[in-house]
Amino acid sequence: MLKASVTQPPAKGRANEALLRLLASLWQLPRRDLAIVAGATNRDKTVQITGDPLSLLAHLRASIAALPKV
Amino acid sequence: MTHSLASLVIAGIAFSGSHTLLSSTRLRGSLRDQIGEQGFLLIYSLTGLVTFAWFIVAYARAPFIPVWMPPIWTAWVPITLMPVATLLLVSGYSTSNPTAVGMERSARADDPAPGIMRVTRHPVMWALGLWGMSHFVANGDFASMWFFGVVGALALGGTVLIDRKKQLALGSHWHRLASVTSNIPFAALVTRRTRLRWRDIGLLRPLAALLLYIVLFLAHPLFAGVPVMVP
């Protein structure tokens, strides 16, 4: 589980879009490869990432390991 | 993931560079002397197609790197300008145009500037230019700014380069064309050098342009990966 916060209001998909852009820039991925597949109107969201599973997994592990623990 | 960014930058340089080199430098003349006009046009078209396809693929794969945060109202820039762009595109491709490749003969017609040509003598180039510039404004990530900036600048810069070439190629016919048309859309109409005849443009072209706009609008999430954001 990752905790993220954005400043956009949760209306008309703005906060969702801001979240996906935040994650895309954090992970250096194309914005189009990320999508919210569950929880679009919820605080808990499931994000789907399209791409090669093996290289993505290694890439994300390294990135997430560098994040502070909550 | 950084190599995909380098690929995007190189693809943009390859696309705009090859297009300008082949169309507007001495390379064009020397190639034409060696392989003929048809051979030149074949190489020119293929190079354009291949490098543009490369540019599009590289853009789709490029990482999202924010440069700035465009305000939400900027989404309205493409939403309002793209109907104009689709009308220019549809009309441009269906109207005889002396500034288009291989269509110099139409400069000698009774009316050298029918239909959409009275709005601008480079309708297709302005369609691509409006597409590029409007999307450049609405996107704040590096990949989008580079992709749309290059496309927009190449299209609008191209109008000036084409004008320079056609002036030499068409001679007196150029002056006849230039006196009743403008490069910048609506400039010849505003300065009353020509009048718009809606009958020439007809009903079918605006309808086709509107249909194209609606399809692009609705299918935007499918090919762009993001919806057209409506504020």
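Is it true that A:Ile49 is more than 10 Å from chain B (Cβ to nearest Cβ), closer than 21 Å to B:Leu222 by Cα, among the β-branched types (Val, Ile, Thr) and in contact with a Leu (Cβ under 8 Å, 6 or more places away or on another chain)?
So A:Ile49 passes the test.
Quickly run through segment B:86-117 and pick out the residues that are in a loop (DSSP other than H, G, I, E, B), crowded, with 19+ Cβ neighbours inside 10 Å and under 19 Å from the mean Cα position of the chain (by Cα).
B:Thr95, B:Asn97, B:Pro98, B:Thr99, B:Ala100, B:Ala113
Would it be correct to say that B:Met125 is out of contact with any strand residue (DSSP E or B) (no Cβ under 7 Å at 6 or more places or on another chain), part of a helix (DSSP H, G or I), within 14 Å of chain A (Cβ to nearest Cβ) and at pLDDT 95 or above?
So B:Met125 fails the test.
Mind listing whichever residues of segment A:44-57 are over 23 Å from B:Asn139 (Cα atoms) and either touching a Phe, Trp or Tyr at 6+ places or on another chain (Cβ under 8 Å) or exposed (fewer than 11 other Cβ atoms within 10 Å of the Cβ) (or both)?
A:Asp44, A:Asp52, A:Pro53, A:Leu54, A:Ser55 - these are the residues of segment A:44-57 that are over 23 Å from B:Asn139 (Cα atoms) and either touching a Phe, Trp or Tyr at 6+ places or on another chain (Cβ under 8 Å) or exposed (fewer than 11 other Cβ atoms within 10 Å of the Cβ) (or both).
Considering only segment B:1-59, how many residues are within 14 Å of another protein chain (Cβ to nearest Cβ) and not in a helix (DSSP H, G or I)?
Residues that pass the stated criteria total 1.
Name the single residue, out of those in segment A:44-59 being more than 18 Å from B:Ala60 (Cα to Cα) and at pLDDT 95 or above, that is nearest to the chain's Cα centre (by Cα).
The selected residue is A:Val47.
How many of the residues making up segment B:62-117 are under 24 Å from A:Leu22 (Cα atoms) and among the acidic types (Asp, Glu)?
Total satisfying the criteria: 0.
Taking segment B:184-219 as the region of interest, how many residues are touching a Pro at 6+ places or on another chain (Cβ under 6 Å) and closer than 30 Å to B:Asp141 by Cα?
Within segment B:184-219, residues that are touching a Pro at 6+ places or on another chain (Cβ under 6 Å) and closer than 30 Å to B:Asp141 by Cα number 1.
Name the one entry in B:Gly48, B:Gly102 that is in contact (Cβ under 8 Å) with a residue 12 or more places away in the chain, touching a His at 6+ places or on another chain (Cβ under 8 Å) and within 17 Å of B:Leu161 (Cβ to Cβ).
Within the list B:Gly48, B:Gly102, the selection yields B:Gly48.
Can you name the residue in segment B:60-97 that is among the hydroxyl-bearing types (Ser, Thr, Tyr) and in contact with a Leu (Cβ under 9 Å, 6 or more places away or on another chain) and is also farthest from the other protein chains (Cβ to nearest Cβ) among such residues?
B:Ser94
Go through (1) under 25 Å from B:Ala60 (Cβ atoms); (2) surrounded by 12 or more Cβ atoms within 10 Å (Cβ to Cβ) one by one and return the number of the condition A:Ala62 breaks.
Just one mismatch for A:Ala62, condition (2).
Of the residues B:Ala143, B:Ala127, which is buried (at least 18 other Cβ atoms within 10 Å of the Cβ), touching a Leu at 6+ places or on another chain (Cβ under 7 Å) and under 16 Å from B:Ile56 (Cα atoms)?
Answer to the selection: B:Ala143.
Going by the structure shown, is B:Thr74 over 20 Å from the mean Cα position of the chain (by Cα), surrounded by 14 or more Cβ atoms within 10 Å (Cβ to Cβ) and assigned to a helix (DSSP H, G or I)?
When the stated conditions are applied, B:Thr74 passes them.
Table: residues versus (1) assigned to a helix (DSSP H, G or I); (2) surrounded by fewer than 16 Cβ atoms within 10 Å (Cβ to Cβ); (3) within 12 Å of chain B (Cβ to nearest Cβ).
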site: A:Leu2; (1), (2), (3): no, yes, no
site: A:Ser5; (1), (2), (3): no, yes, no
site: A:Ala11; (1), (2), (3): no, yes, yes
site: A:Asn16; (1), (2), (3): yes, no, yes
site: A:Leu29; (1), (2), (3): no, no, yes
site: A:Asn42; (1), (2), (3): no, yes, no
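Yes/no per residue for (1) part of a loop (DSSP other than H, G, I, E, B); (2) away from chain A (no Cβ under 14 Å); (3) modelled with pLDDT of 95 or more:
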| site | (1), (2), (3) |
| --- | --- |
| B:Leu154 | no, yes, yes |
| B:Leu161 | no, yes, yes |
| B:Arg176 | no, yes, no |
| B:Ile184 | yes, yes, yes |
| B:Arg193 | yes, yes, no |
| B:Val215 | no, yes, yes |
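The values are calculated or read from the model by the stated rules, or taken from the named source; none is laboratory data. None of the values given here were measured: they were computed from a predicted structure. Quick reminder, even Gly has a Cβ in these numbers, built from the backbone with ideal geometry, and neighbours come from all protein chains shown.
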